[in-house]
Amino acid sequence: MSVKTGPQRYPGSSRANWYQDDFPGDPMEVNVVVLHTTEGTSLPDYGGGGAAPNLTAVPDLDTKRLRWFQHFDIECSSRALQNLAGGVETNTLNVCQVELVGTCDPTTHGKWKDAGRRHLFWPEAPAWALEGVARFLSWMHEQHGVPLSGPKAWPAYPDSYGSRNGQRMSKAKWTAFNGVCGHMHVPENDHGDPGGIDITEILRRARADLDLDEPPAGTQPKPGRPKVPVFPGRKFFREGAVNDHVLVLGRQLVKEGFGDHYKVGPSRSWGEADRLNVRDFQKSREELRGDADGFPGPLTWKLLFS
(Lines give C-alpha, C1' and ligand atoms only; values in the text may rest on other atoms or scores of the structure.)
Protein backbone atom coordinates (compact mmCIF):
# COMPACT_ATOMS: atom_id res chain seq x y z
CA MET A 1 0.00 0.00 0.00
CA SER A 2 1.44 3.37 -1.03
CA VAL A 3 1.87 6.33 1.30
CA LYS A 4 0.46 9.73 0.38
CA THR A 5 3.35 12.18 0.14
CA GLY A 6 1.96 15.52 -1.09
CA PRO A 7 -0.91 17.92 -0.37
CA GLN A 8 -4.23 16.16 -0.96
CA ARG A 9 -6.54 19.13 -1.57
CA TYR A 10 -6.34 21.35 -4.62
CA PRO A 11 -6.32 24.96 -3.33
CA GLY A 12 -9.66 26.69 -3.82
CA SER A 13 -11.60 23.52 -4.60
CA SER A 14 -15.00 22.90 -2.98
CA ARG A 15 -15.77 19.78 -0.94
CA ALA A 16 -19.52 20.26 -1.23
CA ASN A 17 -19.67 17.03 -3.25
CA TRP A 18 -17.23 14.87 -1.27
CA TYR A 19 -17.56 11.09 -1.85
CA GLN A 20 -14.50 9.54 -0.25
CA ASP A 21 -16.30 8.86 3.03
CA ASP A 22 -18.94 6.78 1.23
CA PHE A 23 -16.59 5.18 -1.33
CA PRO A 24 -13.17 4.76 0.32
CA GLY A 25 -10.45 4.26 -2.26
CA ASP A 26 -6.91 2.96 -2.14
CA PRO A 27 -4.01 5.30 -1.24
CA MET A 28 -1.48 5.67 -4.05
CA GLU A 29 1.40 7.87 -5.12
CA VAL A 30 0.05 9.69 -8.17
CA ASN A 31 2.16 10.12 -11.30
CA VAL A 32 -0.64 10.31 -13.91
CA VAL A 33 -3.49 12.75 -14.56
CA VAL A 34 -6.36 11.54 -16.76
CA LEU A 35 -8.58 14.21 -18.34
CA HIS A 36 -12.24 13.41 -19.07
CA THR A 37 -15.16 15.46 -20.40
CA THR A 38 -18.58 15.00 -18.81
CA GLU A 39 -20.64 15.44 -22.01
CA GLY A 40 -22.98 17.60 -19.95
CA THR A 41 -23.39 21.23 -18.90
CA SER A 42 -23.48 21.04 -15.09
CA LEU A 43 -21.83 19.23 -12.20
CA PRO A 44 -22.86 15.55 -12.43
CA ASP A 45 -24.04 13.60 -9.38
CA TYR A 46 -21.95 10.58 -10.50
CA GLY A 47 -24.57 8.19 -9.22
CA GLY A 48 -24.10 9.50 -5.71
CA GLY A 49 -20.33 9.21 -6.06
CA GLY A 50 -20.06 5.65 -7.31
CA ALA A 51 -18.62 6.80 -10.65
CA ALA A 52 -16.86 9.98 -9.55
CA PRO A 53 -13.38 11.28 -10.46
CA ASN A 54 -11.02 12.98 -8.03
CA LEU A 55 -12.04 16.45 -9.19
CA THR A 56 -14.50 18.17 -11.50
CA ALA A 57 -13.89 21.53 -13.20
CA VAL A 58 -17.12 23.41 -13.95
CA PRO A 59 -16.81 26.34 -16.39
CA ASP A 60 -18.44 29.54 -15.12
CA LEU A 61 -19.22 31.16 -18.44
CA ASP A 62 -20.21 34.48 -16.85
CA THR A 63 -17.05 35.04 -14.80
CA LYS A 64 -14.81 33.16 -17.25
CA ARG A 65 -13.15 30.84 -14.77
CA LEU A 66 -13.22 27.20 -13.74
CA ARG A 67 -14.88 26.27 -10.46
CA TRP A 68 -13.26 23.19 -8.93
CA PHE A 69 -15.02 20.50 -6.91
CA GLN A 70 -12.98 17.81 -5.17
CA HIS A 71 -14.54 14.39 -4.54
CA PHE A 72 -11.53 12.32 -3.40
CA ASP A 73 -8.04 13.10 -2.13
CA ILE A 74 -5.50 13.65 -4.90
CA GLU A 75 -3.79 10.38 -3.98
CA CYS A 76 -6.89 8.27 -3.39
CA SER A 77 -8.22 6.05 -6.17
CA SER A 78 -11.46 7.36 -7.67
CA ARG A 79 -14.04 5.60 -9.82
CA ALA A 80 -14.52 7.22 -13.24
CA LEU A 81 -12.66 4.64 -15.37
CA GLN A 82 -13.68 1.18 -16.50
CA ASN A 83 -11.63 -1.18 -14.31
CA LEU A 84 -12.32 -4.85 -15.06
CA ALA A 85 -11.80 -7.44 -12.35
CA GLY A 86 -8.57 -9.32 -12.98
CA GLY A 87 -7.61 -7.00 -15.84
CA VAL A 88 -5.46 -3.89 -16.21
CA GLU A 89 -5.48 -1.63 -13.15
CA THR A 90 -6.92 1.72 -14.21
CA ASN A 91 -8.65 3.57 -11.36
CA THR A 92 -6.09 2.28 -8.88
CA LEU A 93 -2.88 2.69 -10.89
CA ASN A 94 -1.46 5.97 -9.50
CA VAL A 95 -4.06 8.03 -11.35
CA CYS A 96 -5.70 11.35 -10.46
CA GLN A 97 -8.84 11.80 -12.60
CA VAL A 98 -10.33 15.14 -13.64
CA GLU A 99 -13.70 15.65 -15.33
CA LEU A 100 -14.09 18.81 -17.42
CA VAL A 101 -17.75 19.81 -17.66
CA GLY A 102 -18.76 20.29 -21.29
CA THR A 103 -18.53 18.24 -24.46
CA CYS A 104 -15.91 17.05 -26.93
CA ASP A 105 -18.50 15.84 -29.48
CA PRO A 106 -19.01 18.26 -32.41
CA THR A 107 -22.48 16.83 -33.06
CA THR A 108 -23.56 17.46 -29.48
CA HIS A 109 -21.95 20.90 -29.65
CA GLY A 110 -23.98 21.74 -32.74
CA LYS A 111 -27.27 20.58 -31.20
CA TRP A 112 -26.70 22.49 -27.98
CA LYS A 113 -25.68 25.59 -29.87
CA ASP A 114 -28.78 25.48 -32.07
CA ALA A 115 -30.95 25.01 -28.97
CA GLY A 116 -29.34 27.99 -27.23
CA ARG A 117 -27.96 25.77 -24.47
CA ARG A 118 -24.89 27.47 -23.02
CA HIS A 119 -21.92 25.15 -22.77
CA LEU A 120 -18.21 24.74 -23.32
CA PHE A 121 -16.97 22.83 -26.39
CA TRP A 122 -13.55 21.72 -25.16
CA PRO A 123 -11.82 21.36 -28.56
CA GLU A 124 -12.49 25.10 -29.00
CA ALA A 125 -12.07 26.07 -25.34
CA PRO A 126 -11.27 29.74 -24.70
CA ALA A 127 -7.95 30.81 -23.22
CA TRP A 128 -9.34 31.20 -19.69
CA ALA A 129 -10.52 27.58 -19.64
CA LEU A 130 -7.21 26.26 -20.97
CA GLU A 131 -5.41 28.37 -18.37
CA GLY A 132 -7.56 26.91 -15.58
CA VAL A 133 -6.61 23.35 -16.56
CA ALA A 134 -2.97 24.38 -17.00
CA ARG A 135 -2.79 25.83 -13.48
CA PHE A 136 -4.07 22.57 -12.03
CA LEU A 137 -1.48 20.58 -14.00
CA SER A 138 1.34 22.91 -12.94
CA TRP A 139 0.26 22.40 -9.32
CA MET A 140 0.23 18.63 -9.85
CA HIS A 141 3.73 18.84 -11.33
CA GLU A 142 5.06 20.95 -8.48
CA GLN A 143 3.36 19.08 -5.63
CA HIS A 144 3.20 15.52 -6.96
CA GLY A 145 5.83 15.36 -9.69
CA VAL A 146 3.40 14.50 -12.52
CA PRO A 147 5.36 15.11 -15.76
CA LEU A 148 4.02 17.87 -18.00
CA SER A 149 4.03 15.58 -21.02
CA GLY A 150 1.89 12.85 -22.51
CA PRO A 151 0.78 11.02 -25.65
CA LYS A 152 1.25 12.77 -28.98
CA ALA A 153 -2.04 11.53 -30.48
CA TRP A 154 -5.18 13.30 -29.23
CA PRO A 155 -7.60 12.65 -32.12
CA ALA A 156 -10.87 14.54 -32.36
CA TYR A 157 -14.11 12.83 -31.43
CA PRO A 158 -15.58 10.52 -32.79
CA ASP A 159 -12.30 9.21 -34.25
CA SER A 160 -10.99 9.06 -30.68
CA TYR A 161 -13.67 6.52 -29.69
CA GLY A 162 -12.57 2.94 -29.07
CA SER A 163 -9.16 2.29 -30.65
CA ARG A 164 -9.83 3.68 -34.12
CA ASN A 165 -6.59 5.67 -34.33
CA GLY A 166 -4.43 3.43 -32.19
CA GLN A 167 -4.19 6.04 -29.44
CA ARG A 168 -5.29 3.67 -26.67
CA MET A 169 -2.35 2.33 -24.66
CA SER A 170 -1.50 -1.33 -24.23
CA LYS A 171 -1.27 -2.71 -20.72
CA ALA A 172 2.53 -2.45 -20.81
CA LYS A 173 2.49 1.18 -22.01
CA TRP A 174 -0.18 2.14 -19.48
CA THR A 175 1.71 0.54 -16.59
CA ALA A 176 4.90 2.40 -17.56
CA PHE A 177 3.20 5.73 -18.34
CA ASN A 178 3.78 8.88 -16.27
CA GLY A 179 2.25 12.19 -17.33
CA VAL A 180 -1.02 13.64 -18.63
CA CYS A 181 -3.39 11.66 -20.86
CA GLY A 182 -7.06 11.48 -21.77
CA HIS A 183 -9.82 8.96 -21.15
CA MET A 184 -9.27 8.00 -24.80
CA HIS A 185 -5.80 6.64 -23.96
CA VAL A 186 -6.69 4.33 -21.05
CA PRO A 187 -6.88 0.55 -21.68
CA GLU A 188 -10.10 -1.38 -20.95
CA ASN A 189 -12.03 1.82 -21.80
CA ASP A 190 -13.72 2.74 -25.09
CA HIS A 191 -14.62 6.40 -24.40
CA GLY A 192 -13.21 9.03 -26.73
CA ASP A 193 -13.12 12.04 -24.41
CA PRO A 194 -11.70 14.64 -24.18
CA GLY A 195 -11.27 14.42 -27.96
CA GLY A 196 -9.27 17.10 -29.74
CA ILE A 197 -8.63 19.29 -26.70
CA ASP A 198 -5.63 21.61 -27.22
CA ILE A 199 -3.30 19.67 -24.95
CA THR A 200 -0.21 21.28 -26.49
CA GLU A 201 -1.37 24.73 -25.42
CA ILE A 202 -2.46 23.51 -21.99
CA LEU A 203 0.94 21.95 -21.29
CA ARG A 204 2.71 25.01 -22.68
CA ARG A 205 0.80 27.21 -20.26
CA ALA A 206 1.48 24.82 -17.38
CA ARG A 207 5.20 24.89 -18.05
CA ALA A 208 5.17 28.67 -18.42
CA ASP A 209 3.33 28.95 -15.10
CA LEU A 210 6.36 27.32 -13.43
CA ASP A 211 8.89 28.96 -15.77
CA LEU A 212 10.05 25.51 -16.83
CA ASP A 213 10.46 26.16 -20.54
CA GLU A 214 14.03 25.55 -21.65
CA PRO A 215 15.74 27.62 -24.37
CA PRO A 216 15.71 25.99 -27.83
CA ALA A 217 18.53 23.58 -28.61
CA GLY A 218 21.68 25.34 -29.72
CA THR A 219 20.82 28.64 -28.02
CA GLN A 220 22.29 30.18 -24.90
CA PRO A 221 20.34 30.78 -21.67
CA LYS A 222 19.20 34.32 -21.03
CA PRO A 223 22.01 36.53 -19.66
CA GLY A 224 22.19 36.37 -15.88
CA ARG A 225 19.95 33.32 -15.67
CA PRO A 226 21.80 30.62 -13.71
CA LYS A 227 21.74 27.02 -14.85
CA VAL A 228 19.49 25.08 -12.50
CA PRO A 229 20.26 21.38 -11.98
CA VAL A 230 17.48 19.08 -13.10
CA PHE A 231 14.98 18.28 -10.34
CA PRO A 232 15.50 14.56 -9.60
CA GLY A 233 11.95 13.82 -8.36
CA ARG A 234 10.07 13.85 -5.07
CA LYS A 235 10.84 10.18 -4.40
CA PHE A 236 14.41 11.13 -3.42
CA PHE A 237 13.17 13.34 -0.57
CA ARG A 238 11.06 11.21 1.73
CA GLU A 239 11.48 9.38 5.01
CA GLY A 240 14.37 6.92 4.92
CA ALA A 241 15.82 8.19 1.61
CA VAL A 242 19.62 8.06 1.33
CA ASN A 243 21.15 9.54 -1.84
CA ASP A 244 23.41 12.26 -3.22
CA HIS A 245 20.43 14.49 -4.14
CA VAL A 246 19.67 14.98 -0.43
CA LEU A 247 23.26 16.10 0.15
CA VAL A 248 23.20 18.50 -2.83
CA LEU A 249 19.93 19.99 -1.56
CA GLY A 250 21.28 20.35 1.97
CA ARG A 251 24.44 22.10 0.84
CA GLN A 252 22.38 24.55 -1.23
CA LEU A 253 20.11 25.27 1.73
CA VAL A 254 23.15 26.08 3.87
CA LYS A 255 24.58 28.25 1.09
CA GLU A 256 21.32 30.22 0.91
CA GLY A 257 21.16 30.64 4.70
CA PHE A 258 18.55 27.99 5.48
CA GLY A 259 20.58 25.41 7.40
CA ASP A 260 19.61 26.36 10.97
CA HIS A 261 18.08 22.97 11.79
CA TYR A 262 21.24 20.99 10.96
CA LYS A 263 23.13 20.09 14.14
CA VAL A 264 26.28 19.04 12.28
CA GLY A 265 25.62 19.67 8.64
CA PRO A 266 23.80 18.20 5.65
CA SER A 267 24.19 14.53 4.83
CA ARG A 268 22.99 12.00 2.28
CA SER A 269 20.16 10.86 4.59
CA TRP A 270 16.82 12.69 4.41
CA GLY A 271 15.57 13.65 7.87
CA GLU A 272 13.49 16.07 9.91
CA ALA A 273 16.20 18.74 9.79
CA ASP A 274 16.11 18.68 5.98
CA ARG A 275 12.33 19.01 5.98
CA LEU A 276 12.36 21.92 8.41
CA ASN A 277 15.06 23.75 6.45
CA VAL A 278 13.13 23.28 3.20
CA ARG A 279 9.98 24.52 4.95
CA ASP A 280 11.80 27.65 6.15
CA PHE A 281 12.95 28.35 2.61
CA GLN A 282 9.43 27.81 1.24
CA LYS A 283 8.01 30.22 3.81
CA SER A 284 10.51 32.84 2.70
CA ARG A 285 9.28 32.82 -0.90
CA GLU A 286 5.96 34.39 -1.81
CA GLU A 287 5.54 31.89 -4.67
CA LEU A 288 5.63 28.95 -2.20
CA ARG A 289 4.12 30.10 1.10
CA GLY A 290 0.81 28.46 0.34
CA ASP A 291 2.53 25.07 0.04
CA ALA A 292 5.24 25.15 2.72
CA ASP A 293 5.16 21.44 3.55
CA GLY A 294 8.93 20.96 3.72
CA PHE A 295 9.13 18.61 0.74
CA PRO A 296 10.77 20.01 -2.40
CA GLY A 297 9.00 19.97 -5.74
CA PRO A 298 10.21 21.32 -9.10
CA LEU A 299 9.37 24.96 -8.28
CA THR A 300 10.99 24.84 -4.83
CA TRP A 301 14.08 23.28 -6.42
CA LYS A 302 14.22 25.88 -9.18
CA LEU A 303 13.86 28.83 -6.79
CA LEU A 304 16.43 27.44 -4.35
CA PHE A 305 19.08 26.90 -7.02
CA SER A 306 18.33 30.18 -8.81
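The values are calculated or read from the model by the stated rules, or taken from the named source; none is laboratory data. Owing to the predicted nature of the structure, the values given are computational and were not obtained by experimental measurement. Here the Cβ positions follow ideal geometry from the backbone for every residue, glycine too, while neighbour counts run over all protein chains shown.
Tell me, which residue of region 219-241 that is at pLDDT below 80 and of a type in the set (D, E, K, R) is farthest from Met140 (Cα to Cα)? For region 219-241, the residue satisfying everything is Lys222. Counting residues in region 178-189 that are touching an Asp or Glu at 6+ places or on another chain (Cβ under 6 Å), over 15 Å from Val34 (Cβ atoms) and surrounded by 15 or more Cβ atoms within 10 Å (Cβ to Cβ) gives zero. When restricted to residues that are of a type in the set (Gly, Ala, Ser) and part of a loop (DSSP other than H, G, I, E, B), region 172-201 contains 3.
Only one of the numbered conditions (1) over 27 Å from Thr103 (Cβ atoms); (2) at pLDDT 95 or above is violated by Pro216, and that is (2).
If we keep just the residues of region 267-304 that are surrounded by 14 or more Cβ atoms within 10 Å (Cβ to Cβ) and charged (D, E, K, R), which is farthest from Phe231 (Cα to Cα)? Once the filter is applied, the top-ranked residue is Asp280. Residues in region 262-272 include at least one that is closer than 15 Å to Lys235 by Cα, touching a Phe, Trp or Tyr at 6+ places or on another chain (Cβ under 9 Å) and in contact (Cβ under 8 Å) with a residue 12 or more places away in the chain.
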